[in-house]
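What follows is a short report on a single structure.
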Amino acid sequence: MGYGWWCWIIPLRGGDVSAGIVYDSRIFTLPEGPSIGERLHAHILNHPVGREIFADAHIIEGDVHALSMLPYQSEKVCGDGWATVGDAAGFLDPLYSPGLDMCSYTSYYVADLVTRHLAGEDVTPQLRLYNEHYPVMYRYWFEGLYKDKYYYMGDAELMSAALLLDVGLYYLGLVIPAYKNPEAALLDLPFQGRPGRITATLVKFYQRRLVALGKRRWATGYYGKHNAGWRELYVGFSPDPSLWKLVRKGLFRWWKAELTNLRLMCVPSAAAPATTDSAAAPAEA
């Protein structure tokens, strides 16, 4: 990860490796080059992990593609005799793979709706709820997890705090109920009712704060100050009380960053490095 971007590296069968980048074009641009593949390769080689893996790699011509403006949301997701689910209804961001969650909830909801309709039930209320709540769910998910996140994801301290809080609260709010009663949990679209709104407000609050901290760190030259040599492994996120330990760790790391920010408020802005330079990215994450 770096300022405004993150890369995926996925080993494939036969020795090939899928590599790609997702970035915020407002704050990051790929290095110049004769092709999109060469530009991606040049960027990856700027990073110590990228150099170790891809120093001798060769691009498979014709297998490198660039897509923009992928996030979208349907204004209407169902009607008389039709309904959309998964990516057909909307797409957010591949970070955290939210498409799998959106697919699970929407597919389960629509499958139940179709079953009820075939059984002769009046599903008008369910259709209305789906149309009304889907954009709410999409907006809360976007504003809580992805809006402006690229401003701080290259700082290991801030991004690790976000990871612990994002995934920890996701397990507490969605995964644990689904484990206890999957049939009921998957019929309740996320962020419904007062508890859902409270959770969304909480997540949006710490998200906005981390964005603000990231911007100040970048402006003062503190961004990624402790990235070098960063190593952090988790036992794993499990739907049990151990989640609270990870959430507390995330809260502590966020509050520690807030204290650092108080000191940085007295530091004059410094010249920020070029956004194509990945030196500020964690050595490992």
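Data table
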item: Failed criterion for TYR72 (all others in (1) surrounded by 11 or more Cβ atoms within 10 Å (Cβ to Cβ); (2) more than 17 Å from the chain's Cα centre (by Cα); (3) under 30 Å from GLY33 (Cα atoms) hold); result: (2)
item: Subset tally (residues that are more than 19 Å from ASN227 (Cα to Cα) and either out of contact with any Leu (no Cβ under 8 Å at 6 or more places or on another chain) or part of a helix (DSSP H, G or I) (or both)) for segment 1-27; result: 13
item: Residue match in segment 2-10 (condition: aliphatic (A, V, I, L, M), within 21 Å of the chain's Cα centre (by Cα) and surrounded by 15 or more Cβ atoms within 10 Å (Cβ to Cβ)); result: no
item: Residue within segment 193-200 that is more than 19 Å from PRO239 (Cα to Cα), under 18 Å from the mean Cα position of the chain (by Cα) and assigned by TED's automatic domain parsing to the domain that holds PRO241 present; result: yes
item: Verdict on ASP80 being acidic (Asp, Glu), surrounded by fewer than 11 Cβ atoms within 10 Å (Cβ to Cβ) and either touching a Leu at 6+ places or on another chain (Cβ under 9 Å) or touching a residue at least 24 places away in the same chain (Cβ under 8 Å) (or both); result: yes
item: Count - residues of segment 190-233 that are of a type outside the set (Phe, Trp, Tyr), assigned to a loop (DSSP other than H, G, I, E, B) and crowded, with 19+ Cβ neighbours inside 10 Å; result: 3
item: Checklist (1) over 22 Å from SER104 (Cα atoms); (2) part of a loop (DSSP other than H, G, I, E, B); (3) in contact (Cβ under 8 Å) with a residue 40 or more places away in the chain applied to ILE53, failing item; result: (2)
item: Number of the exception - LEU187 against (1) part of a helix (DSSP H, G or I); (2) more than 18 Å from ASP166 (Cβ to Cβ); result: (1)
item: Residue within segment 151-174 that is surrounded by 18 or more Cβ atoms within 10 Å (Cβ to Cβ), assigned by TED's automatic domain parsing to the domain that holds ASN227, touching a strand residue (DSSP E or B) at 6+ places or on another chain (Cβ under 7 Å) and not charged (D, E, K, R) present; result: yes
item: Complete set of residues in segment 87-102 that are surrounded by fewer than 16 Cβ atoms within 10 Å (Cβ to Cβ) and either within 21 Å of GLY173 (Cβ to Cβ) or in contact with a strand residue (DSSP E or B) (Cβ under 8 Å, 6 or more places away or on another chain) (or both); result: PRO94, SER97, GLY99, LEU100
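The values are calculated or read from the model by the stated rules, or taken from the named source; none is laboratory data. For clarity, every value in this text was computed on a predicted model and none was experimentally measured. For neighbour counting, all protein chains shown are included, and Cβ atoms are generated from backbone atoms with ideal geometry for every residue, glycine included.
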